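A.B. asks: Before we start, here is the structure in question, set down as structure tokens.
The values are calculated or read from the model by the stated rules, or taken from the named source; none is laboratory data. What you see is a predicted model; the values in this text were computed from it and never measured. Note: ideal-geometry Cβ built from the backbone for every residue, glycine included; neighbour counts use all protein chains shown.
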Amino acid sequence: MRKKVLCVCAKGLSRSKYLASYLRNKGYSTRWGGVEGMNKRGKAPNHLTQEDIEWADLVIITRKRIRPKFDKQFKNRKNKIQLDVVDDGTMRANMRKAIKPYLPL
């Protein structure tokens with residue numbers, strides 16, 4: 001059975017989506033989403049749900065500043081990995097470098 005990994009960023013549009021794709025290519029089952037940034041419904045464009053959290057075996061939070069918001073919004077006793085990848089034009093390379101020490105998950 002493939003490990004289920006949930007990737008979390010601010011809006012669920014960039015970091016978490018890329019990391020989920022990268023890990024899926026390595027054989028993991030993945031989902032991604034965000035915890036901030038509001039649309040007309042008051043949620044992030046790809047807002048996480050408690051169901052997403054419960055689905056996951058492991059949660060990877062891609063930015064240090066997102067962790068308090070994640071912890072406030074969701075009940076989570078799962079294993080977590082904390083990264084801090086800034087989107088500075090080299091986000092994809094930085095993301096691969098940041099997750100490398102944790103592989104295999």
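A.B. asks: Could you run through the range 21-44 and say how many residues are out of contact with any Phe, Trp or Tyr (no Cβ under 9 Å at 6 or more places or on another chain), outside any strand (DSSP E or B), over 15 Å from residue 104 (Cα atoms) and at pLDDT 70 or above?
C.D. replies: 2
A.B. asks: Is it fair to say residue 82 is within 22 Å of residue 103 (Cα to Cα), in contact with a Lys or Arg (Cβ under 8 Å, 6 or more places away or on another chain) and of a type outside the set (Lys, Arg)? Working first, answer last.
C.D. replies: Details: within 22 Å of residue 103 (Cα to Cα): yes; in contact with a Lys or Arg (Cβ under 8 Å, 6 or more places away or on another chain): yes; of a type outside the set (Lys, Arg): yes.
Yes: the conditions hold for residue 82.
A.B. asks: May I pose another question? Which pairs turn up if I take residues in the range 83-105 that are free of Cβ contacts under 8 Å to residues at least 12 places away in the same chain and look for partners that are of a type in the set (Val, Ile, Thr) and surrounded by 14 or more Cβ atoms within 10 Å (Cβ to Cβ) with beta carbon separation below 6 Å, at least 6 apart in sequence or on another chain?
C.D. replies: Partner pairs satisfying both residue conditions: 94/85.
A.B. asks: Tally up the residues in the range 71-88 that are in a loop (DSSP other than H, G, I, E, B) and either of a type outside the set (A, V, I, L, M) or surrounded by 13 or more Cβ atoms within 10 Å (Cβ to Cβ) (or both), please. First the steps, then the outcome.
C.D. replies: Step one: of the range 71-88, the residues in a loop (DSSP other than H, G, I, E, B) are 74-78, 83-88.
Cutting the leftovers down to either of a type outside the set (A, V, I, L, M) or surrounded by 13 or more Cβ atoms within 10 Å (Cβ to Cβ) (or both) gives us 74-78, 83-85, 87-88.
Looking only at that region, the number is 10.
A.B. asks: Another question, then. When you go through 96, 65 one by one, which is the residue that is among the charged types (D, E, K, R), out of contact with any helix residue (DSSP H, G or I) (no Cβ under 9 Å at 6 or more places or on another chain) and part of a helix (DSSP H, G or I)? Write out each step before concluding.
C.D. replies: Numbers: 96 fails: out of contact with any helix residue (DSSP H, G or I) (no Cβ under 9 Å at 6 or more places or on another chain).
Among 96, 65, only 65 is among the charged types (D, E, K, R), out of contact with any helix residue (DSSP H, G or I) (no Cβ under 9 Å at 6 or more places or on another chain) and part of a helix (DSSP H, G or I).
A.B. asks: Same structure, new question: Answer with yes or no whether residue 53 is among the β-branched types (Val, Ile, Thr), in a strand (DSSP E or B) and surrounded by 12 or more Cβ atoms within 10 Å (Cβ to Cβ).
C.D. replies: Details: among the β-branched types (Val, Ile, Thr): yes; in a strand (DSSP E or B): no; surrounded by 12 or more Cβ atoms within 10 Å (Cβ to Cβ): yes.
Here the answer is no, as residue 53 does not meet what is asked.
A.B. asks: Go through (1) under 14 Å from residue 95 (Cα atoms); (2) modelled with pLDDT under 90 one by one and return the number of the condition residue 79 breaks.
C.D. replies: (1)
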